[in-house]
C-alpha cells in the first residue's frame, strides 16, 4: 500500500539491484536502506535525487544555478 508511488518503486528497485550485485553490504545496512525507503515519502526521495547533482537538476529545468552565497538549498 505504501509503495504505490513511482519514485518509491524505483528506489526499491535500485536498492534490490544494489543488494544483489554489491558484496560489501552487511545485513544490517541492507535492512537500514529498506527501512529508509519504506519510511520516506515521494518528496524525501526527490530531495535526495536533487541534492545528488543540484547543478545538473537546475540546468535541466532551465533554472538559475548561479549562487553567490548559500547553496543548493536556496533552490528549494
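Could you list, in sequence order, the residues of region 11-40 that are touching a residue at least 24 places away in the same chain (Cβ under 8 Å) and exposed (fewer than 13 other Cβ atoms within 10 Å of the Cβ)?
Of everything in region 11-40, just one residue is touching a residue at least 24 places away in the same chain (Cβ under 8 Å) and exposed (fewer than 13 other Cβ atoms within 10 Å of the Cβ), namely 38.
Output the residues belonging to region 32-45 that are over 14 Å from residue 14 (Cβ atoms) and under 11 Å from the mean Cα position of the chain (by Cα).
41, 42, 43, 44
No lab work stands behind these numbers, since they all come straight from the coordinates. The structure presented is a predicted model; accordingly, all values stated were derived computationally and were not measured. We place every Cβ from the backbone using ideal geometry, glycine too, and count neighbours over all the protein chains shown.
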